[in-house]
Amino acid sequence: MSELSVNHLLGIKYLNNEDIKLIFETADHFKEVINRPIKKVPSLRDITIANLFFENSTRTKLSFELAEKRLSADVINFSASQSSVKKGETLIDTVNNILSMKVDMVVMRHPNPGASVFLSNHVNASIINAGDGAHEHPTQALLDSYSIRERLGEVKGKKVVIVGDILHSRVALSNIFALKTQGAQVKVCGPKTLIPKYIDKLGVTVETNLKKALNWCDVANMLRVQNERMTVSYFPSAREYTQQYGVNMELLNSLNKEITIMHPGPINRGVEITSDVADSDQAIILDQVQNGVAIRMAVIYLLASKIKQ
């Protein structure tokens, strides 16, 4: 298969296993490019991409920007906090104004679930969802799976536990879709108050005991507690959360095997994982960051090749 089955990247649930494979193979090629002395390729010299961030983001925004520049695309950056959105402009008006500048692709992060799907139905450009509320974050899930494939050889058959705030996490949902599509086994682990009621419908099991979950898995993806999305208290205190669901070196050393530790960032050091775990050889957190650029280059390149047709 040489092209994606979709014209936008709105969520992992719209991709099939062949799409994911193609993205990974393309990312392999770009990873080699990123490690060259000259890190740019002229692939997208005639493509203009607008980055629309209606929500704060450091890593994702930088990663997309770097990916776009490595591909030689023209880039427009738009941050809602400094824009006319504050004056009451609607999402469609904002985007149409940007599209009238002849933009081919829009990378968007938005606090409302479904914003990117809504946009794809109303504007004539390729849309990449860089996170919509607590719904999906497809490129993060792709880079997470890609990092597992790089460390363990393949994703199929691997046991992955996602630990922490599953309820507010778009990373968790996209990861569940991506891992299940590729044939991995998935468990979630965290306080019952942070596990959504519908979770069993997604074909994953729940484990509330962290040590049991870690003994079961090959990979643990540690999520941060999303305090900014919480309107009520879901657990007594950060200290109590850490005692039950935080990973430290002592806990890792007590397991009957060595497991791989992942984290989508930003890390709350000392809450979900301690610094010695984050900086250990078992953690692939910095590999995830590097892989993020290659994965985003692959997604942008594959979608842009459909625009050019």
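The values are calculated or read from the model by the stated rules, or taken from the named source; none is laboratory data. The structure displayed is predicted, hence computed values, not measured ones. Positions of Cβ are backbone-derived with ideal geometry, glycine not excepted, and every protein chain shown enters the neighbour counts.
What to note about this one:
- Some residue of the range 236-253 being farther than 20 Å from residue 289 by Cβ and among the acidic types (Asp, Glu): yes
- Condition check for residue 24: surrounded by 14 or more Cβ atoms within 10 Å (Cβ to Cβ) and within 25 Å of residue 112 (Cα to Cα): no
- Just so you know, in the range 258-271 the residues that are at pLDDT below 95 and of a type outside the set (Val, Ile, Thr) include one that is farthest from residue 137 (Cα to Cα), and it is 270.
- Flag if residue 258 is part of a loop (DSSP other than H, G, I, E, B) and either surrounded by 13 or more Cβ atoms within 10 Å (Cβ to Cβ) or not small (Gly, Ala, Ser) (or both): yes
- The residues of the range 27-48 that are surrounded by 13 or more Cβ atoms within 10 Å (Cβ to Cβ) and closer than 23 Å to residue 182 by Cβ, listed by number, are 27, 28, 29, 30, 31.
- In the range 72-81, the count of residues that are of a type in the set (S, T, N, Q), in contact (Cβ under 8 Å) with a residue 40 or more places away in the chain and outside the structural domain of residue 272 (by TED's automatic domain parsing) is zero.
- Residue within the range 49-67 that is surrounded by fewer than 18 Cβ atoms within 10 Å (Cβ to Cβ), out of contact with any helix residue (DSSP H, G or I) (no Cβ under 8 Å at 6 or more places or on another chain) and over 21 Å from residue 170 (Cβ atoms) present: no
- Whenever a residue of the range 152-172 is among the hydroxyl-bearing types (Ser, Thr, Tyr), its partners that are at pLDDT below 95 and not in a strand (DSSP E or B), lying with C-beta atoms within less than 7 angstrom and at least six residues away or across chains, give the pairs 169/134; 169/223; 169/226.
- Sole exception among (1) more than 22 Å from residue 157 (Cβ to Cβ); (2) assigned to a helix (DSSP H, G or I) for residue 215, by number: (1)
- Flag for residue 112 being out of contact with any Leu (no Cβ under 7 Å at 6 or more places or on another chain), without any contact (Cβ under 8 Å) to a residue 40 or more places away in the chain and outside any helix (DSSP H, G or I): yes
- Filter result for residue 143 (of a type outside the set (Lys, Arg) and free of Cβ contacts under 8 Å to residues at least 60 places away in the same chain): no
- Qualifying position, being touching a Ser or Thr at 6+ places or on another chain (Cβ under 7 Å), at pLDDT 95 or above, surrounded by fewer than 20 Cβ atoms within 10 Å (Cβ to Cβ) and assigned by TED's automatic domain parsing to the domain that holds residue 263, among 187, 192: 187
- Some residue of the range 291-307 being modelled with pLDDT under 95 and in contact with a helix residue (DSSP H, G or I) (Cβ under 8 Å, 6 or more places away or on another chain): no
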